[in-house]
Structures are given as structure tokens and as C-alpha cells.
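Q: Here you go, one structure.
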Amino acid sequence: LADNALQALHDEDYDRPFNTQNLNADTLIFTRGRQGQSLDGDWNFCVDLLDTGLRQKWFAMTPEAPEDRIEPWDYDPYMGETVPVPSCWQMQKEKWYFFEGSAWYTRPLTHDPVPGRRQVLRIGAAQYDCKVFLNGAFLGNHYGGSTPFCVELTEALKPGQNWLMLCVNNTRTRDRVPMRNTDWFNYGGVYREVTLYDLPSVVIRDLFVRLEGNAIRVSVAVDGACASARFSIPELGIDTELPLIAGKGDVTLAASPELWSPDNPKLYDVSLTAGEDQVQDRVGFRSISREGTEILLNGKPLFLRGISVHEDDATQGKVTSETDIRRRFAHAKELGCNFLRLAHYPHHERAAEIADEMGLMLWEEVPVYWAIDFSNPATRRDAENQLRELIRRDRNRASVIIWSVGNENPDTDARLDFMRGLADLAKAEDPTRLTSAACLVNHAKLKIEDRLAEHIDVIGLNEYYGWYEENFDELGEIGRNSAPDRPVVISETGADGDSTEHGPERGLFSLAYQDEVYAKQIATLRALDYVKGMSPWILYDFRVERRQGIFQRGWNRKGLIAGDKATKKPAFHRLAAYYAERAAVEH
Ligand code: GCB
């Protein structure tokens, strides 16, 4: 081997230059209402378990004719296999089913430069970190598998043919968010849309529109020299000039919009113009607050008739289509829901847009799941960034009422500090919504008790009496022993029910047992005044590596509907009957 090649293979620091987190929330641009060029479709693809590509700098290879090559490269990013984007590699080939590591995506990009225009690439999501290269230059790395990120290509683009290359890595490590152990499948790849935006020199970075008291407040951020922006909501007769100071503008406008609610999901067209740039959105106005143990929507007490959902599909993996979201929401409506918990990570952004239109309320969450590395500052930065990216992406969505900062995390000092920090961050980014986290019961004291509770608005509670906790009577005792000073939402409860021909007739994993657990849960929880909602676990069965038993066979089977997204289990009807009764009382 030549000296430099040898050195590359032995260099264990090979990835250090790429471990930046520079593609973060601050690089996001507002994209609603923009027309971009879709870069979806076939990309060249190669899995790379040992990171040979980073060591050998595959990204620096030029696409000359293979016969002209003077070095024997082990990979040719310009030829060979292709996969569609978006997709998860597990669903493309059986041999990639459990693949964990880096994979390379390459595609050409033709550029016709126009002076003064800027090109920004946006990747909807890539699991888990994604390094971006253009024509051999490293442009940055994004951490976090479920939030969008942007990278400006302007300086690195050349006229004519360019090559865009992504190195996506889904390895589970201790310092990531989530870390090594989760109860959902570790899909890998670029699994949401990739879009290229051609923009003027002044670019609208952010637009946050919300109801504050009896007024509409608008905050904007603009990149580039621009003294003012123009904001309008034609249906409300609003058309106003917004002065910008150092790219930022803020205005509060007296207005009485018709309020958004599940019964009346009213949305208004809004638009913002700055220089030659313009964005549009459709925004609903409503208030969500809490008072004592009540959750109030537009000042009126509310019970959240919910269900938890994952993004998972038997054939598509984590890729979520509009059809899939609409089917999910239609099933939730059939169940009588007014609320969904989008667990355990940010779902596709179309979900909240469609929920806005359909009048469903949402809990959105970041994957601060189980025992992540709470005392590691890098882990914390990652979690904070994912939360910021989620909030900036969805804070114009009336449907989103709760930001959840995590799920089932043990009550340690480090965790308290970490998650309190996240709850404060959520309030700083968006003071108009409630914060929550899915907490655990104190099983020793049989009591709702978590030091995080005083730092969040709604106590989410995961409890599995009748399933992981055998003695069902303890749930009643917990109810009696607890006197929370704020609303509790049962963020999870449930039981597995195998609806296939392998499913037993009776006992654990039978449909009858699952139904019985729901019956008992409903009977107990309905008596607790401070329980202001529930989102049982879960709408559909979902795929997961860690469940390989005789009834689970690679799937968590706590769905009220099977993994085919069609076969309803008896517990579906049980919960639907309860929600119908609750809805009748409320009306
Ligand atoms: C939980 C977790 C969820 C799991 C579920 C289960 O408490 O929050 O991610 O999938 O239990 O089925 O065990």
C-alpha cells in the first residue's frame, strides 16, 4: 500500500473532522409556501460498515471514466446500486435488514448560476447523522434522525454538473438521542424528502405566528440586508409593514380571528414578503393553557381522547406518505379521538399540517428516551438542538398543543437537570404551548411522584397495570395516594394482543386479554378527576428488533389495529365505546 493509503486505513481519528454539529436549528430556513426542486428519486448507494469511505475520502473522487482511474478505489460513487430517496435501507434489500453503520448516497446536480441567487438544500430527515459533501467539499454534519436540516450550497456549487454526496450513519451509540436501547426499529437512511431551494439574496429564515391574548403576534427572522417585511392575513384585513432590526422583526396586531378547535378547525392564509422573498402558511389561532388540574382549549376544559402512534410501516419502514398519515388520522377519528401522541420522536411535518385541517390535537416529542447519557454535555446539545428544530418546524401548527421533552427516564439528578433544561428551552422557543414528559409511577410508594413534575405543565404517565405490573389493584391505590397539582395524561397503557393465527385464545398475548386490560384500565382511570386525557399504547402494531418471542416475532403487538393497518382488535372497539361516551358527555 502507498503510505497515504496505509495511513488512512490505520487512522482511528478519521472521523474527527466530520464530527461537527454545524447543520443545526440555526441553519433552518422557513420553507412553507416555497416551490423547491425535488431531489427525490434514485440515488447511487453503497453501505460502508467500516467507514472506509471517510478513511479513503470517497467523497473526493471525481467521476472520470472508470478506465482512466489511476488508483484502485473500493467504491465507485458514480456507478453501481441505486436506492430511492426517501427510503429506509432495511426495506430495500433483505441483506440490509439489520444493517447499522454508514451508507453513501450520491447524485448529480446541474447548476446554472444566476448572480445574486442562493441555493439551499433541505433534508426532511436522515437517520441518524448525515454528513453532506458537494464536489468533494465537506459542508457539514447533522445529528438527530427525525428533524429537518438545511445546508447552503451557493459557494460550493459550480456551473454545470455537480456531485452531491451524503454519508448517513444509523449506528446506535451511548451518547446519541436516543441511545442504544429503544423499543422501535432502528431504520436507517434518508427517509424524508430532499429539496433544493433557489432563493434570492434576502431569505426569510423564520416566521412564527400565534395568538397571544386578544392579539396575533408575529415574529420573523430574515437573512440579508432588508429594512422591513410585509405581513398579511387577507381574511382578517391584516396587511402590515414590519420593521426589521438586525434581521429580526416582531409585531403584535389586534385581531379577533375565529378560533381553531377540533370542532371548527379554522385556518387562515398568512404570507410574509421580505425583499424578493416570500413565504406562505395556513395558521389556526387558539389558546391552550392549564389551570389547576384542568387543560383549557380556548378557555374551556378539555379531555384528551387520544392514542399513541409511531411512524412505522410493514413495507415502507419509517417512510411516511400522505396516504399513511391520512389513514392513521382516519382510524384515530373512528376511535373517537381528538388527540394523538406522536411518539417518540418528531414525525413527518405533514402530520401536523393535516391535523390542523382535520381538527386533531397533537403531542409532539423528542427521543429523550429511557436512560440516555444525561450527564454528557454533547448529548444535551443534541437533545436541545432536536427540540429546537422540532419547535421551529411546527410552532405555527394549531394542532400541536404539547411539547414533550422525553419518555420514561429514571428520576436521577442528572436527568432532572437535563430535562428541566429542555422544558425551559421549549418555553423559551414557544411560550404558547404546554410542556410535558412521559413519566413513571413511583412503584415503591404506589404514587405519582416525579421531581420533573413541577417543571412541566402536564404530567404524562406511562403505566402498564395488567401487563408489566401484574397486580391491577395497585392502579386504584396509586389513584387514591396521589394528589397532583396539575393535569395528568395517561401517555401510555396497554397490552399485547396477537391477532395472527399464532395468537393464543386466552391469557397474555391473546386479544381477549388485551381487551380485558383496556376494560379494567378504563374503569379505574375514569374515576380519577385529575386524569385529563389518555393516549394508550398504541394504534398499530410496529416492528422492533428486541421482541423476538413466539407471539411477538419482531413486532410490538400492543396495537389496537394489527400491523396491516386494517385488522381491528376487540380492544379498539372497547376504547371507541369509552371515547364515544366521553364525547357525548362533553357535548
Ligand atoms: C413503554 C415505552 C414504549 C414501549 C412500550 C412497550 O413504556 O414508552 O416505547 O414500546 O412501553 O410496549 O413496552
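Q: Going highest first, how would you order 148-161, 109-122, 375-388, 336-349 by mean Cβ packing within 10 Å?
A: So the order, starting with the most tightly packed, is 336-349, 375-388, 148-161, 109-122.
Q: Continuing with this model, one more query. Using alpha carbons only, how many degrees (0 to 90, rounded to 10) separate the axis of helix 511-525 from the longest principal axis of the chain?
A: 70
Q: Still on this structure, I have one more. Could you do me a favour and compute the accessible area per residue for the chain, 1.4 Å probe, result in Å²?
A: 39
Q: Whenever you get a sec, compute what percent of the accessible area on the stretch 353-432 sits on carbon and sulfur atoms (1.4 Å probe). Mind showing how you got there, number by number?
A: Details: 1000 of 2040 Å².
The nonpolar share, carbon plus sulfur, comes to 49 percent.
Q: Next question. Just the number, please: Stokes-Einstein D of the chain in µm²/s, Kirkwood Rh from C-alpha pairs, 10 °C, 1.306 mPa s.
A: Once the numbers are plugged in, D ends up at 63 µm²/s.
Q: Quote the FRET efficiency, to the nearest 0.05, computed for Q548 versus D68 with a Förster distance R0 of 51 Å and r equal to the Cβ-Cβ distance.
A: After rounding, the FRET efficiency stands at 0.55.
Q: For the stretch 388-437, give the magnitude of the charge dipole about the Cα centre (Cβ charges: +1 Lys/Arg, -1 Asp/Glu; no others), in debye to the nearest 20.
A: Once rounded to the nearest 20, the dipole reads 340 debye.
Q: Something else: Per DSSP helix of 4 or more residues, -39500 (n - 2.57); summed, then divided by the residues of the chain. What does that give at 222 nm, rounded to the nearest 500?
A: When only DSSP H runs of four or more count, the value is -6000 deg cm²/dmol.
Q: Moving to a separate point now. Assigning unit charges at the beta carbon (Lys, Arg +1; Asp, Glu -1) and nothing else, what dipole magnitude in debye, to the nearest 20, does the chain show about its Cα centre?
A: 1040
Q: At a probe size of 1.4 Å, how large is the accessible area of D324, to the nearest 10 Å²?
A: 10
Q: Something else now. Read phi for every residue in the stretch 387-397 and hand back ³J(HN,Hα) as whole Hz from Karplus 6.51 cos²θ - 1.76 cosθ + 1.60, θ = phi - 60°, with x for Gly and Pro.
A: Result, rounded to whole Hz: 5, 4, 5, 5, 5, 5, 6, 10, 6, 8, 9.
Q: For the stretch 467-472, take each phi angle, set θ = phi - 60°, evaluate the Karplus expression 6.51 cos²θ - 1.76 cosθ + 1.60, and give the result in whole Hz per residue in order, putting x for glycine and proline.
A: 10, 6, 9, 6, 7, 4
Q: Would you be so kind as to identify which of L244, Y187, G275 lies farthest towards the positive end of the dipole of the stretch 176-306, taking Lys and Arg as +1 and Asp and Glu as -1 on Cβ and the Cα centre as origin?
A: Y187
Q: Okay, moving on. Which of the lysines could a cross-linker bridge to K447, judged by Cα under 27 Å and excluding same-chain residues fewer than eight apart?
A: K520, K532, K558
Q: Please calculate the 1.4 Å probe accessible area of R420, with all protein chains present, and give it to the nearest 10 Å².
A: In the full protein context, R420 sits at about 80 Å².
Q: Taking Cα atoms of the stretch 423-580, Rg/Rh with Kirkwood Rh, to two decimals? All intermediate terms of the calculation are to be shown ahead of the outcome.
A: Working: Rg = 16.7 Å, Rh = 16.7 Å.
Over the Cα atoms of the stretch 423-580, Rg/Rh equals 1.00.
Q: Another question, then. Heavy atoms only, probe 1.4 Å: what % of the accessible area of the stretch 1-149 goes to carbon and sulfur, would you let me know?
A: Carbon plus sulfur share of accessible area: 51 percent.
Q: A further question follows. Taking only the C-alpha atoms, wrap a convex hull around the stretch 37-129 and report its volume per residue in Å³ as a whole number.
A: Here the figure is 143 Å³ per residue.
Q: Which whole number of Å³ per residue matches the convex hull of the alpha-carbon atoms in the stretch 406-447?
A: Hull volume over Cα atoms, normalised by residue count, gives 71 Å³.
Q: Report ³J(HN,Hα) in whole Hz for each residue of the stretch 210-218, in order, from the Karplus equation J = 6.51 cos²θ - 1.76 cosθ + 1.60 where θ = phi - 60°; Gly and Pro get x.
A: Computed from phi, the couplings for the stretch 210-218 are 7, 7, 9, x, 9, 9, 9, 10, 10 Hz.
Q: Here's a follow-up. Restricted to Cα positions, what overall size does the stretch 291-420 have along the principal axes? Three whole-Å values, descending.
A: 43, 43, 24
Q: Please give the charge dipole size of the stretch 1-137, origin at the Cα centre, charges +1 on K and R Cβ atoms and -1 on D and E Cβ atoms. Round to the nearest 20 debye.
A: 880
Q: Hey, another quick one. Which order do you get for K93, K131, K532 if you rank them by accessible area with a 1.4 Å probe, largest at the top?
A: K93, K532, K131
Q: If I model a spin label at A137 and T412 as a point 7 Å from the Cα along the Cα→Cβ vector, what separation in nanometres do I get?
A: Using points 7 Å along Cα→Cβ, the separation is 4.3 nm.
Q: Show the residues, 5+ positions off or on another chain, whose built amide H is closer than 5 Å to the amide H of S261.
A: Under 5 Å from the amide H of S261 lie the amide H atoms of K266, each far enough along the sequence or on another chain.
Q: Tell me, in nm to one decimal, what length is gained between A583 and R230 on full extension, where the rule is 0.36 nm per residue of separation less the Cα-Cα distance?
A: Length gained between A583 and R230: 122.9 nm.
The values are calculated or read from the model by the stated rules, or taken from the named source; none is laboratory data. From a predicted model like this one, the values you see are computed outputs, not experimental measurements. Heads up, the Cβs are rebuilt from the backbone with ideal geometry, glycines too, and the neighbour counts pull from every protein chain shown. To get the accessible areas, we keep the full protein, side chains included, count just its heavy atoms, and leave off ligands, DNA and RNA. Shrake-Rupley method; radii C 1.70, N 1.55, O 1.52, S 1.80 Å.
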